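Scroll down for the structure; my scribbles are underneath it.
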Amino acid sequence: MEVQEKINKTILEKGAAYLVLIDPDEISGERLINFVHHCEKSGVDGFLVGGSLMMSDILDDVLETISSVSSLPSILFPGSVSQISSKADAILFISLISGRNAEHLIGTHVIAAPIVKKCGVEPISTGYMLIESGSKTTAEYMSGSSPIPRNKPEIATATALAAEYLGMNFVYLEGGSGAEKSVPNEMVKMVSSALSIPVIVGGGIRDSKTAREKVENGASVVITGNFFEDDNNWHLVKEFADAIHVKETVVV
C-alpha cells in the first residue's frame, strides 16, 4: 500500500492522522531510536523528516534508523533539493502556493523531479501555505515569501481551492517551526469546508487541546515538531495522538 493511501485510510478510520516531524539536526543516534519507539507505541501514524535549513549530513542515516526500528512510514519534508533520499518511503512534493517566489512554486521542482523519479520515492503533491504566526519563522525567511495574514481566511481558502483544482493531493497550512501561534481555527474550518482533499495543519501546536481543535475544525492531518525535541515532553505524545484520533476517543 502506498503512503498516501495509508494516510487516507488512517484519516477514514481514525478521524485524522498524526505525523511527527523529525529534524535530523535536532535528534539522531540512540536518542532517535528511543523517540521513534516511543512514538510508535504511543499511536503516532508516521514521520515527516527534514527541515528548512539542515546543517548536518545525516539525512540518510536518520531515515535508515527510522526504517530499521519502526514499521511507520517516513516521509521527506524537504527544505531544499539536497533533502531528497531513496531511504524514505515518500516525499511531500511541496509547492509554496502562498508565496509568489517562482523558485518555490515550480523552479526547484523541475530540478527535483528527475531525482525523485530515480530514487523511486513516492511523491505526494502538496500545496504548502505559510500562515502568519506572530513572528518571522525560518521557513518564511528561507523562502523569501510573505505568509498569508492570519486574519484573512478567505485568502487561504481561495489559495487552497486553486491547489485542489491544479490537482494537488493535500493542502498544508503551516505556522512554521517554532511558531508563536498556531493556524487559526477559523481559517482551518473555512479551508477544510471548501475542499474535498485532506488539509494538513502544523506549527505552534504545543498541547493536545489545540491539536484536537484543529481536527474538530476540519484538519485531516496534524503535525507536531520541535515541541517534542525536548525529552521532557515525550510523555505527552500519546495524549496528542488520542486527541487527534477523534474516532477512537468518542464515547458512545
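Side notes on the structure shown:
- Given (1) surrounded by fewer than 16 Cβ atoms within 10 Å (Cβ to Cβ); (2) modelled with pLDDT of 95 or more; (3) closer than 21 Å to Ile115 by Cβ, index of the condition Glu13 fails: (3)
- Applying the criterion of being over 17 Å from Gly225 (Cα atoms), among the small types (Gly, Ala, Ser) and under 18 Å from the mean Cα position of the chain (by Cα) to the residues of the stretch 62-98, the residue that is surrounded by the most Cβ atoms within 10 Å (Cβ to Cβ) is Ala88.
- Any pair with Cβ under 6 angstrom, 6 or more apart, that starts in the stretch 17-45 at a residue that is crowded, with 17+ Cβ neighbours inside 10 Å and hydroxyl-bearing (Ser, Thr, Tyr) and ends at one that is at pLDDT 95 or above and in a loop (DSSP other than H, G, I, E, B): Tyr18/Val44; Tyr18/Asp45
- Some residue of the stretch 148-157 being β-branched (Val, Ile, Thr), closer than 26 Å to Ser82 by Cβ and either touching a residue at least 40 places away in the same chain (Cβ under 8 Å) or surrounded by fewer than 23 Cβ atoms within 10 Å (Cβ to Cβ) (or both): no
- Leading residue by the ranking (surrounded by the most Cβ atoms within 10 Å (Cβ to Cβ)) among those in the stretch 165-176 that are touching a Gly at 6+ places or on another chain (Cβ under 6 Å) and in a loop (DSSP other than H, G, I, E, B): Gly175
Conditions (1) in a strand (DSSP E or B); (2) farther than 23 Å from Glu13 by Cβ; (3) touching a residue at least 24 places away in the same chain (Cβ under 8 Å); (4) touching a helix residue (DSSP H, G or I) at 6+ places or on another chain (Cβ under 7 Å), marked per residue:
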position	(1), (2), (3), (4)
Met129	yes, yes, yes, yes
Glu140	no, yes, yes, no
Ala163	no, yes, yes, no
Lys181	no, yes, yes, no
Val188	no, no, yes, yes
Val201	yes, no, yes, yes
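The values are calculated or read from the model by the stated rules, or taken from the named source; none is laboratory data. If you're wondering where the values come from, they're calculated on a predicted model, not measured in any experiment. Methodologically, a virtual Cβ is constructed for each residue, glycine included, from the backbone with ideal geometry; neighbour enumeration extends over all protein chains shown.
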